[in-house]
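Right, one structure below, let's go through it.
A short reminder: the numbers here are calculations on the coordinates, not readings from a lab. In this text, all values refer to a predicted model and were calculated from it rather than measured experimentally. Because the Cβ atoms are built from the backbone with ideal geometry, glycine has one as well, and the counts that use them run over all protein chains shown.
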Amino acid sequence: MADIHVGIIMGSQSDWATMKEAADILDELEIAHETRIVSAHRTPDRLWDYGKTAVARGLRVIIAGAGGAAHLPGMMASKTRIPVIGVPVQSRALSGVDSLYSIVQMPRGFPVATMAIGAAGAANAGLMAAAILALQDPALAQRLDAWRDALSASIPEEPVD
Ligand code: RP5
């Protein structure tokens, strides 16, 4: 089995519909990954253990999605030097602006690469993880280039009624 270099973590089962977009992109690009529910508030010990063991387990990128008071990506970034890509999940009350602000405004020293709110942000998180890994993996770089070319080729030149 391929080594797992990407961890997708999320604050709740309810985030999975969004975070699956990241997992689907990784599947398309044949990047092995794991998925876990890790909540900054409900399972803080699980968060700590995940961050503490991430380097030793061989992870190279962590995609972290959460909504509302979305502290998971930032707390994970404080616990590991592995790049953390944050996905603001669209919340019911504030449409994900709360999630975005919670994730993007990190203090100097502990960055989180923050994506757009919702499904597009999650898909882009998968692509960002792929781009990071492709720097050291020529075969993956080729697959990513082909994926991007196919997307460009699928865009029509003219709109239709
Ligand atoms: C956050 O609270 C989760 O990331 C989720 O987006 C939000 C709501 O969680 P549930 O109440 O649906 O479990 O921690």
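Here are some notes:
Residue-wise test of (1) in contact (Cβ under 8 Å) with a residue 60 or more places away in the chain; (2) over 11 Å from the mean Cα position of the chain (by Cα); (3) part of a helix (DSSP H, G or I).
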position	(1), (2), (3)
Gly109	no, yes, no
Ala129	yes, no, yes
Ala139	no, yes, yes
Ala150	no, yes, yes
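- Those residues of the stretch 74-90 which are surrounded by fewer than 21 Cβ atoms within 10 Å (Cβ to Cβ) and either in contact with a Pro (Cβ under 7 Å, 6 or more places away or on another chain) or β-branched (Val, Ile, Thr) (or both), in sequence order: Thr80, Ile82
Here is a yes/no grid of residues against (1) under 23 Å from Ile117 (Cβ atoms); (2) surrounded by fewer than 18 Cβ atoms within 10 Å (Cβ to Cβ):
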site	(1), (2)
Gln13	yes, yes
Ala32	no, yes
Gly65	yes, no
Ala69	yes, yes
